[in-house]
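In what follows, a single structure is set out as structure tokens and then discussed.
The values are calculated or read from the model by the stated rules, or taken from the named source; none is laboratory data. Computed from a prediction, not measured in an experiment: that's the story for all the values here. Virtual Cβ from ideal backbone geometry, glycine too; neighbours counted across all protein chains shown.
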Amino acid sequence: MSSSGPHQFVAFREQIERFAGLWQSIDARYSAVKVGDQWLNMMTDIRLSPSPPPADRTEVFVRLPRLVAGRDSREISALDQILRAVEANLVTLGDVTIRLVQATRQQDGSPTAYPYQPFFGIEPPGGGWRAFWDPERDSTTFALTGHGGGLQELIGQDLWREFERQLLVHTPPYFGFEDFLRFSVRATDPVNLNGAARFTVRAPVFSWVDNQVLDERSNLVTRVRCPETVEAGSIRLVARAGDEGGAIARFDNHGEVSEVIDGERFVTMVMPVEGLAWIQGALILRDTKIDEFVFTLPLASSPNPRYEAMYITDVGERNLRQFTAGNPAASRSENAQLVGLSWLLQLCGFQVLVSGLPGLNMGSAPDLLAFVPLAQAVVIIEATSRDLASDGKLVKLHDRAGALAGRLPGFDVLAVAATSKPSVTPPELELARTLNVRIMTQSELENLRQLAERNETPSRVFAHLKSLPRRG
């Protein structure tokens, strides 16, 4: 560990200067206790934000004769002034001037204090502090952090208990220091004042890999969050990938804003990964790595582990082939059809929920829901051995698919009617087309089994199911 000193402030300043323009305001949450005639820091976090400061820039959470906590928001132009004050171990937040010291007691009981010893560090995405008032995932954060002494030891147990009593009868009430600090100053980090007070200046970059989808064309589609204060062209996604033979492919993608969701801007980057076994990527903002990922890809040329497991059973693989071939000796009940379909979809890599078996007490429900992993796509299936138009099955399936799509905005919801009949009548097919319902006949089951045996990706199987009406 490097020694503390002015060079730690220099390192922090140098790092955030590379991202000039990323932050628009400073949000400070502070708390301090009074010892003698001085306020000593208890727990304070100064966080840089890409948003402008709020209209109401200051707020006092608690003000007692010897305990104070509040919020102080400022323009980003005030950052250098704050850093100079921190270097001098004295900072004014709200209307309180706080000494930043490492406090302790001497053997004779007299209090003493030493200047803070702050250190600069970089916290990984999602691994650092998150504010309770801004609970979304945090990004890579540049932090200047100093630890103080044990304030509880310095103040004494009697006064500490008196503070907790006063907090309990405060409006709003706080149930002790941990509750007070967690819900006024911090969120996810544990509160441990027996160990040390804390002071931190944090600068999150607010950009990260938000989502990844493997599409039906074997492209890895990566979505990256892009704050308003970041130029999309300054974001790069670099990656390396390996195939079965050990050859390495390399990618270097620059982004453009592709969509805005609930006011948030996103950059989408596409990498063709056909035939690749794995891919490792890093998100670069300007000249600094701010996020990374490792993605293992299914290979069509490699064995399907789910299907291979069928061969260690006595008759599982044989019975599966008989089921897909429509062997008359096999049970053709709707329950058997439903179980067989769920096995096929699971062998293809879907995440399957069987909701239509009698006895599950779900009431009226679709028979199957099959979700494509790492994608916003789901198949909703109604299985029958009777006429598709009977009992309003297709209409009910259409309505359920619409209801699910309403609950899952942005999802591709595919309605499929599975019949054990080898073919369907023209009126059935026409009604299905009108309702945008795909039909899976008995002959399609063997195609589904072959897709599983070839280890096709669930996204490709989803695309195959989506093409069924044109095959009817």
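Brief remarks follow.
Yes or no, residue by residue, for (1) buried (at least 20 other Cβ atoms within 10 Å of the Cβ); (2) of a type in the set (Ser, Thr, Tyr):
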position	(1), (2)
Gln15	no, no
Gly21	no, no
Leu48	yes, no
Ser51	no, yes
Val60	no, no
Arg63	no, no
Arg66	no, no
Arg74	no, no
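- The lone exception for Leu404 - which of (1) farther than 21 Å from Pro373 by Cβ; (2) in contact with a strand residue (DSSP E or B) (Cβ under 8 Å, 6 or more places away or on another chain) it fails: (1)
- Looking at the range 377-472, the helices (runs of 4 or more DSSP H) lying wholly inside it that each contain 3 or more residues that are closer than 19 Å to Gln337 by Cα sit at 393-407, 442-453.
- Residues that are in a helix (DSSP H, G or I) and not aliphatic (A, V, I, L, M) occur at least once in the range 346-354.
- Qualifying residue in the range 14-21 (condition: assigned to a helix (DSSP H, G or I) and either of a type in the set (A, V, I, L, M, F, W, C) or farther than 24 Å from Ser207 by Cα (or both)): yes
- Selection within the range 108-137 - charged (D, E, K, R) and at pLDDT 70 or above: Glu123
- Single match in Ala85, Ala32 (criterion: under 18 Å from Ile16 (Cβ atoms), in contact with a strand residue (DSSP E or B) (Cβ under 6 Å, 6 or more places away or on another chain) and either free of Cβ contacts under 8 Å to residues at least 12 places away in the same chain or of a type in the set (A, V, I, L, M, F, W, C) (or both)): Ala85
- Qualifying position, being out of contact with any Gly (no Cβ under 8 Å at 6 or more places or on another chain) and farther than 30 Å from Arg318 by Cβ, among Leu397, Leu451, Leu468: Leu397
- Within the range 204-243, tally of residues that are over 15 Å from Gly21 (Cα atoms), assigned to a strand (DSSP E or B) and of a type outside the set (Gly, Ala, Ser): 18
- Single residue of the range 235-264 satisfying the filter (surrounded by 17 or more Cβ atoms within 10 Å (Cβ to Cβ) and within 23 Å of the chain's Cα centre (by Cα)) that is farthest from Thr457 (Cα to Cα): Ile235
- Filtered residues of the range 1-54 (kept if within 30 Å of the chain's Cα centre (by Cα) and not assigned by TED's automatic domain parsing to the domain that holds Asp72): none
- In this structure, Val185 does not qualify as aliphatic (A, V, I, L, M), at pLDDT 85 or above and in a loop (DSSP other than H, G, I, E, B).
Every residue, every condition in (1) touching a Leu at 6+ places or on another chain (Cβ under 7 Å); (2) surrounded by fewer than 18 Cβ atoms within 10 Å (Cβ to Cβ); (3) under 25 Å from Arg306 (Cα atoms), yes or no:
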{"site": "Gly340", "(1), (2), (3)": "no, no, yes"}
{"site": "Leu344", "(1), (2), (3)": "yes, no, yes"}
{"site": "Gln351", "(1), (2), (3)": "no, yes, yes"}
{"site": "Ser385", "(1), (2), (3)": "no, yes, no"}
{"site": "Ala389", "(1), (2), (3)": "yes, yes, no"}
{"site": "Gly406", "(1), (2), (3)": "no, yes, no"}
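- Restricting attention to the range 307-328, the residues that are loosely packed, with under 12 Cβ neighbours inside 10 Å and within 38 Å of the chain's Cα centre (by Cα) add up to 2.
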